Amino acid sequence: MALLVQITDTHVVERGKLLYGKADTARHLAETVSEINQIHPRPTGVLITGDLVEHPGPTTYSHFRDLIAPLEMPVYLMPGNHDSPEIMLDYFSDTEMFPAQAPHYQYAIEAFEFRVLALNSHFDNSELPFFGERRLAWTEQALQESDRPTLIAIHHPPMQTGIEFIDMVGQEWYQPLGELLSRFPNVIKIICGHGHLDLSGRLGNIPVQMVGSIAHQLIAGRVVDIAPAFDNVRVPPMLHHWIGGDIISGYYPWPDGIDAERIDRSANMDWEDLKEHMRGAMK
Ligand SMILES: [Fe+2]
């Protein structure tokens, strides 16, 4: 069984500080880490798809590292636009969390029943996405190495969203990636972050899942272009679940004390008996 948990856009800041003076991103991440450790069954690994910190440097990466330290399963890191892949490579070099190499800062994860290619869309000192020749060439070579079912992870969404402040960067940056991936039918899904909101779309025939942020959400106009609003809440962990030859994705909250709310307990009935009752109701 492969259970990949994804969280994204944690935007950790210096200890004791709030993001924009209002979002307690350290608390949001600590709560998320605790929630992931309670999930049944235990996830196989956790992938954090970028914007790990708000401003990259040893101070913020140290804070981030302390916050994720309690995770009881392997952790994999990717850079977002707020990160520095160079600093990450140096700072996490004594761990297994970022096994990438310069100059592309990408890597494959083989620990699951599906393969994960952790790609890099970071562009120096910019919010903008980038996916140039060297990253594309690495991706092509990685795809040629294996025909295992493959999940692509990338920070920026390589899809149209209908949200102006995301779509305004244009489609040019991801078109070559889309053409490359279309040649590999074993690529079954793309996952990303960046938008601080939850949305599913498509790159060619490949479904794209953009996951909400741990730091805060953006409430954005979709049919009309309205400036996004800051909503100071985190989303639950996203679970990508390998089942029946596909990857099924959805938030998988596991709040404190939820076992007491189970319907078998409130109905004081055995769960197998309850299911039998449900089957009877279907007849
Ligand atoms: Fe972000």
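The values are calculated or read from the model by the stated rules, or taken from the named source; none is laboratory data. Predicted model only: the values in this text are computed from it and were never measured. Cβ coordinates were reconstructed from backbone atoms using ideal geometry, including for glycine residues, and neighbour counts include every protein chain displayed. What goes into the accessible areas is simple: the full protein's heavy atoms, side chains included, and nothing from ligands, DNA or RNA. Shrake-Rupley method; radii C 1.70, N 1.55, O 1.52, S 1.80 Å.
Some points to look at:
- DSSP-loop trypsin sites (Lys or Arg not before Pro) across segment 88-195, with at most 14 other Cβ within 10 angstrom: 183
- Between the Cα long axis of helix 58-68 and the first principal axis of the chain there is an angle of about 20°, rounded to the nearest 10.
- MRE, 222 nm, helices only [DSSP H, n ≥ 4, -39500 (n - 2.57), over the chain, to nearest 500]: -7000 deg cm²/dmol
- Local electrostatic count at residue 85 - Lys and Arg +1, Asp and Glu -1, tallied over other residues with Cβ under 13 Å: -3
- Cα-based helix-to-principal-axis angle, 271-282 vs the chain, degrees rounded to 10: 90 degrees
- For segment 156-283, the solvent-accessible area works out to 56 Å² per residue, with a probe of 1.4 Å and every protein chain left in place.
- Taking 200, 34, 146 as the candidate residues, the one with maximal mean-square fluctuation in a Gaussian network model of the chain, Cα springs under 10 Å, is 146.
- Portion, in percent, of the accessible area of the chain that falls on carbon or sulfur, probe 1.4 Å: 53 percent
- Restricting the GluC sites (Glu not before Pro) of segment 158-204 to loop positions (DSSP other than H, G, I, E, B) with no more than 11 neighbouring Cβ atoms within 10 Å leaves 172.
- Kirkwood hydrodynamic radius over Cα pairs of segment 3-252, then Stokes diffusion coefficient at 4 °C and 1.567 mPa s, in µm²/s: 72 µm²/s
- Kirkwood-type radius of segment 197-275, with distances r between different C-alpha atoms, in Å: 16.0 Å
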